[in-house]
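One structure is given below, encoded as structure tokens.
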Ligand SMILES: Cc1ncc(COP(=O)(O)O)c(C=O)c1O
């Protein structure tokens, strides 16, 4: 690969057009894929959602009750197979693939994902994970002394570190969300009140990680734009869990994982930047394409494995075949049903009203410090994260249930995820396990 001089954009000596050129020309037709894309016959509009869909994933459902898709996702079989086919294809003739076939195929998949997100392919690039995209976006703000970066206290832990690292001379201001919460308007009012006038960039999660809230992103983006503030949406959880429509969202930056709810191959994420800010964006890794435009800047950051990005195509086909809206409805209804079941069995509550959730929800545990098989200890004492970790560990070790436990405002909660392979029975097992851990018969 080498940068070509004489035209704008980066390409190989052996592909006549640059990626910049190919990706922005609607009349360009990428060649068909050099591998044989194969669809799983199960991925069809009439496939029943639930247990049948377990065959579409690699997760070991025989041995685990898996209600934690929200943590690291889980690749679907068609995407895993397609990425593997691309990896093998590359190794059969690396020069043929990397020098001549890769970029047109990347353009094809960029178009597919762009269409799924209602975006233009020239405004997005693939990156290995949301973390990389978030770093790029935050660094592009180039915070100066006197600037503030604003985010909510329920924002993602590593983003707080990125904000601190990027703002050594600026300040990071947090809006404090506390529970109980009545609805999304409360978040908008909090931001209106607490986002300082010197805010240069605000970061909001589409879905928060620890607290599983769907934030009112549309209103928050509008608020920032009305005040001339750059807005970055950390949508690590969005793709596959929420409908993503970048055409109607006026954000500056949007970062989403493909390897989480989209069930794409691990190591795939999308970084999108509005055309008005693309000139401010620099890749973390400088390589051949740097300086040739937005797509070129990111498409080649040294030789590596492109199979995860190319495999996203199969994940998209799977969702299209199953019906993305049908799947989202199934997952949301299931998580609501499960949360209500658990809260009523345990005589507790959900962290937030369920209309603020998509496919994840938090339900309070009926104890604060349970040791396995022990009676409740000091029920009046606030719980801490060690207590949470302990319960999660017992669920994992003793019950083979994969479900995170969170400590929020001194109380313990399970964060349940509902994916298309889950059924209510998974949460009934969790219900019984928690009764046992708490030392109470159901
Ligand atoms: C809100 C949020 N942001 C960012 C990330 C980081 O994603 P990744 O580890 O895939 O980069 C996560 C991961 O779960 C997340 O929940």
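When you check residue 97 against the structure, is it more than 19 Å from the chain's Cα centre (by Cα) and either farther than 15 Å from residue 318 by Cα or not in a loop (DSSP other than H, G, I, E, B) (or both), yes or no?
Against the criterion (more than 19 Å from the chain's Cα centre (by Cα) and either farther than 15 Å from residue 318 by Cα or not in a loop (DSSP other than H, G, I, E, B) (or both)), residue 97 qualifies.
Within region 167-190, track down each residue that is surrounded by fewer than 21 Cβ atoms within 10 Å (Cβ to Cβ) and outside any loop (DSSP other than H, G, I, E, B).
Within region 167-190, 171, 172, 173, 174, 175, 184, 185, 186, 188, 189, 190 meet the criteria.
I need the full set of residues from region 193-210 which are more than 10 Å from the ligand (Cβ to nearest atom), buried (at least 20 other Cβ atoms within 10 Å of the Cβ) and in a loop (DSSP other than H, G, I, E, B), in order please.
195
Just name the residue that is surrounded by the fewest Cβ atoms within 10 Å (Cβ to Cβ) out of those in region 228-239 that are away from the ligand (no atom under 13 Å from the Cβ) and in contact (Cβ under 8 Å) with a residue 40 or more places away in the chain.
229
What do you reckon, is residue 43 assigned to a helix (DSSP H, G or I), surrounded by 16 or more Cβ atoms within 10 Å (Cβ to Cβ) and touching a helix residue (DSSP H, G or I) at 6+ places or on another chain (Cβ under 6 Å)?
Here the answer is no, as residue 43 does not meet what is asked.
What are the residues in region 217-227 that are more than 16 Å from the ligand (Cβ to nearest atom) and either touching a strand residue (DSSP E or B) at 6+ places or on another chain (Cβ under 9 Å) or more than 26 Å from residue 259 (Cβ to Cβ) (or both), if any?
Hits for region 217-227 are 219, 221, 222, 223, 224, 225, 226, 227.
Is it the case that some residue within region 142-150 is assigned to a helix (DSSP H, G or I) and surrounded by fewer than 23 Cβ atoms within 10 Å (Cβ to Cβ)?
The answer is no, given that none of the residues of region 142-150 is assigned to a helix (DSSP H, G or I) and surrounded by fewer than 23 Cβ atoms within 10 Å (Cβ to Cβ).
Give me a count of the residues in region 126-137 that are more than 7 Å from the ligand (Cβ to nearest atom), outside any loop (DSSP other than H, G, I, E, B) and over 15 Å from residue 286 (Cα atoms).
2
Is it the case that residue 159 is assigned by TED's automatic domain parsing to the domain that holds residue 301, away from the ligand (no atom under 12 Å from the Cβ) and not in a loop (DSSP other than H, G, I, E, B)?
no
Restricting the search to region 254-308, which residues are within 13 Å of the ligand (Cβ to nearest atom) and assigned to a helix (DSSP H, G or I)?
Scanning region 254-308 gives a single hit, 308.
So which residues in region 391-442 are without any contact (Cβ under 8 Å) to a residue 60 or more places away in the chain, over 26 Å from residue 50 (Cβ atoms) and buried (at least 19 other Cβ atoms within 10 Å of the Cβ)?
391, 394, 407, 411, 412
If residue 218 satisfies all but one of (1) surrounded by fewer than 18 Cβ atoms within 10 Å (Cβ to Cβ); (2) not in a helix (DSSP H, G or I), what's the number of the condition it fails?
Failing condition for residue 218: (2).
Return the residues of region 256-270 that are more than 22 Å from residue 332 (Cα to Cα) and crowded, with 24+ Cβ neighbours inside 10 Å; say none if nothing qualifies.
Residues satisfying the conditions are 265, 268, 269, 270.
Residue check: is residue 417 more than 22 Å from the chain's Cα centre (by Cα) and at pLDDT 95 or above?
It is false that residue 417 is more than 22 Å from the chain's Cα centre (by Cα) and at pLDDT 95 or above.
The values are calculated or read from the model by the stated rules, or taken from the named source; none is laboratory data. A quick note: this is a predicted structure, and the numbers were derived from the prediction, not measured. No Cβ is skipped: glycine too gets one built from the backbone with ideal geometry, and neighbour counts run over all protein chains shown.
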